[in-house]
Each structure stands twice: as structure tokens, then as C-alpha cells.
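Reading through the C-alpha cells given below for one structure.
Where a number appears in this text, it was derived from the coordinates with a stated rule and is not lab data. None of these values were measured; they are calculated from a predicted model. FYI the Cβ positions are ideal-geometry reconstructions off the backbone, even for glycines, and counts take in every protein chain you see.
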Amino acid sequence: AQSVTQLDSHVSVSEGTPVLLRCNYSSSYSPSLFWYVQHPNKGLQLLLKYTSAATLVKGINGFEAEFKKSETSFHLTKPSAHMSDAAEYFCVWGNDMRFGAGTRLTVKP
Amino acid sequence: DARVTQTPRHKVTEMGQEVTMRCQPILGHNTVFWYRQTMMQGLELLAYFRNRAPLDDSGMPKDRFSAEMPDATLATLKIQPSEPRDSAVYFCASGLTVTGDTGELFFGEGSRLTVL
């Protein structure tokens, strides 16, 4: 079955250091993939979307993700973490919008 | 400012009672999703509709859950009878699907259900 796997349930970084949140997908064809963010006690917001137009996708708040077919990955990155980035991040399989298990990002001062 | 509206925002009920959650999707969106979020299970897809037709409800316990779209402006999720394990936050989301590609989903603020 097609799906996404988020490799880390929790990632902790220091403010100002890079962020890497990992997501692998399993599919025999190129999927559409999303990253969503959920801040504490809030709803979900789209960060970025991949639909095969470009392998490097830029999103909001300085986040970007690169689609790598050879590695079946769609990792989310940000060069420099900010305290406000602390949240839960979800990789989403776009064909039926099934969410991965989520990665909780903690940002230390 | 277009948004997905969910009611009620909070619901506390007793085991065995019927619970109905409602969702008003964004006008013009043709796809509606229902999700359930718990600490243990994360965000689970319960069901989704396109052009008011159910496409997938495999994530829903069929014996007690039902989802419908009586019209394009209303989606409902009903639990009857409710059980304590149904306690969760239920999210509705809507989007516009064109040629099979669902674009951005817009989420409601969720309905927090507590079943005692």
C-alpha cells in the first residue's frame, strides 16, 4: 500500500541551527506529497506541496523539501530554527491525504 | 475570509449517547475529509467525500460511525452509541480536487469530544 513514514517521532534542535525532518514514501509511482504543521492546540496548516513540477519545493516560514525519487524521500529542512517553529509536523501522502505519524519539533533557546 | 467551520467545538457526553459533529466546508470546495486525532494514534483518516459521494470510509468503525454529506455545504459525522475510546479531536478539512489531484486542504479548528 502506498504511504508515508516519518522516521523520527521527536527532533530537538537549538535555535539558529538547521532543522531536518525525515519522511520516506512507498509507491511505485511519483506521488503528490505534502508537509503540514500543527502548532499546540491549533489546527493544521499547509507548509508546502510537491506535485512533480520541481523536485525542490519552497514553503512558508523558510521551510523547503526536496523530492528524491532514488531515495523515496521527501525530507523537510530549514536552515535556521526559530523558537516559533516548535510544533508537530506531518508528512502527507497526497493521493488520499493520509497523514504520517508526525514529528514533534522542539527548539531549545 | 473563507474557512472551514466545525461545530460543536467542545462536547462532553456520556457513554451510549449519540454524538453528531458538523462541518461546513469552504464554498466551492468539492472534497471533504474527516480525521480523528489522539495521542496514541495520531491523525487517522476516517472518511472522505468528493462531490458529496463517499470515496473511502475504511478508517471508520462501521458499527457505530457514519458520515454523510446531505448537501454541498454540510458534512456530518455521527457516533451512535458513543464510547470512551471515541474521545478525541475530530477535524474536518475541505479542498478542491481537479483531475484527481487534491490541492491544499483547509482544516477546521476541530471538535474536541470527551465521552465519559
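Details
- Using a cutoff of 8 angstrom between alpha carbon atoms and counting only pairs six or more residues apart, the relative contact order for segment B:17-116 works out to 32 percent.
- Computed Kirkwood radius, in angstrom, where 1/r is averaged over Cα pairs of segment B:1-81: 13.4 Å
- Projecting the Cα atoms of A:Thr5, B:Thr20, A:Thr77 onto the charge dipole of the protein assembly as shown (Cβ charges, centred on the Cα centre) puts A:Thr77 farthest toward the positive pole.
- Listed by chain and number, the aspartates and glutamates whose C-alpha is less than 16 Å from the C-alpha of B:Lys62, apart from same-chain residues fewer than 8 away, are B:Glu18, B:Glu44, B:Glu83, B:Asp86.
- Cross-link table A:Lys49/B:Lys11; A:Lys78/A:Lys108; A:Lys49/A:Lys78; A:Lys42/A:Lys69; A:Lys49/B:Lys78, entries beyond 23 Å C-alpha to C-alpha: A:Lys49/B:Lys11; A:Lys42/A:Lys69; A:Lys49/B:Lys78
- Residue of A:Gly43, A:Gly94, A:Gly59 that the Gaussian network model of chain A assigns the largest fluctuation, springs spanning Cα pairs under 10 Å: A:Gly43
- Footprinting exposure proxy ranking of A:Leu76, A:Leu46, fewest other C-beta atoms within 10 angstrom first, gives A:Leu46, A:Leu76.
- When B:Ile26, A:Ile60, B:Ile79 are sorted by how many other C-beta atoms sit within 10 angstrom of their C-beta, beginning with the fewest, the order is A:Ile60, B:Ile26, B:Ile79.
- Dipole magnitude for chain B: about 180 debye, using +1 per Lys or Arg Cβ and -1 per Asp or Glu Cβ, origin at the Cα centre.
- The magnitude of the dipole of segment A:19-109, with charges of +1 and -1 set on the Cβ of Lys/Arg and Asp/Glu and taken from the Cα centre, is near 80 debye.
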